[in-house]
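Student: What follows is a single structure, and I will ask about it in a moment.
The values are calculated or read from the model by the stated rules, or taken from the named source; none is laboratory data. Please read these numbers as outputs of a predicted model, since none were measured by experiment. Note that each Cβ is placed from the backbone with ideal geometry, even for glycine, and that neighbours are counted across all protein chains shown.
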């Protein structure tokens, strides 16, 4: 009788318990992905070359051109936030290739038969991409300080920079995962990734302000999530930082885009296993 009563009236699970269980599953996936860095530490070192070249070569040259950066802000200061966003973008946009490797090695099937929701799998992978991108932030911060950029080292603002990097990287890593689910082969993925990376970068405010863009490019830039990530980074990273939209809009756009892409990726992620 008691068993029948328990079946008819199952114990209620609180929202807190459900959220905590979901967060644990996301964290477990993210931890598994982050552990892979121990087997390939040279990956982080090789990715440091690109921001070094952009800031030390391109930045120093363009700093001699007057009127590129808005107001009285030096161009190197203006560029540093854009290069930080670019470095995180390059880490995240090719993240989907790991999903293709996992499918080929049979690891993906193990993920798919686990009790974790597909959205938790996607968010865990996206979060790990954000953590990887934080290493790029450290490199850019150190280099920018050496070049004399007026970096804001307030703990609260540094935390905000880290949050913007993780959120932006999660967004583009999820986009990358969607592409991997569609194309399913490494060769096609690499081709599409290379095609997407530069337009996303140049159709943003990473290396020049919106005011210098022609109207059509400015319109495209307003639809580009990288623009809002760069805007948030400039507001938080620089002493007396500048912003075109405000942090509320910046983080709102990034969070909304990440949520939409996560929902889409969760729907098609399982199809990679077939």
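Student: Test residue 168 against the stated conditions and say whether it is modelled with pLDDT of 90 or more, farther than 19 Å from residue 98 by Cα, out of contact with any strand residue (DSSP E or B) (no Cβ under 7 Å at 6 or more places or on another chain) and surrounded by 19 or more Cβ atoms within 10 Å (Cβ to Cβ).
Tutor: no
Student: Okay, next question. Return yes when residue 178 is closer than 11 Å to residue 93 by Cα and in contact with a helix residue (DSSP H, G or I) (Cβ under 6 Å, 6 or more places away or on another chain) and no when it is not.
Tutor: Working: closer than 11 Å to residue 93 by Cα: yes; in contact with a helix residue (DSSP H, G or I) (Cβ under 6 Å, 6 or more places away or on another chain): yes.
Considered against the rule, which asks whether it is closer than 11 Å to residue 93 by Cα and in contact with a helix residue (DSSP H, G or I) (Cβ under 6 Å, 6 or more places away or on another chain), residue 178 comes out as yes.
Student: Helices (runs of 4 or more DSSP H) wholly in the range 36-134 with at least 1 residues that are out of contact with any strand residue (DSSP E or B) (no Cβ under 8 Å at 6 or more places or on another chain) and at pLDDT below 75 - which ones?
Tutor: Answer list for the range 36-134: 42-47, 96-105, 107-112.
Student: Could you list all residues from the range 168-217 that are over 30 Å from residue 66 (Cα atoms) and free of Cβ contacts under 8 Å to residues at least 12 places away in the same chain?
Tutor: Answer for the range 168-217, where residues must be over 30 Å from residue 66 (Cα atoms) and free of Cβ contacts under 8 Å to residues at least 12 places away in the same chain: 183, 187, 188, 191, 194, 195.
Student: What tally of residues in the range 172-206 results from selecting those that are more than 18 Å from the chain's Cα centre (by Cα) and part of a loop (DSSP other than H, G, I, E, B)?
Tutor: 2
Student: Still on this model: So how many residues does the range 146-156 have that are under 11 Å from residue 55 (Cβ atoms) and in contact with a strand residue (DSSP E or B) (Cβ under 8 Å, 6 or more places away or on another chain)?
Tutor: 1
Student: Of 63, 85, 92, which residue is within 23 Å of residue 138 (Cα to Cα) and free of Cβ contacts under 8 Å to residues at least 40 places away in the same chain?
Tutor: Just one listed residue meets the conditions, 63.
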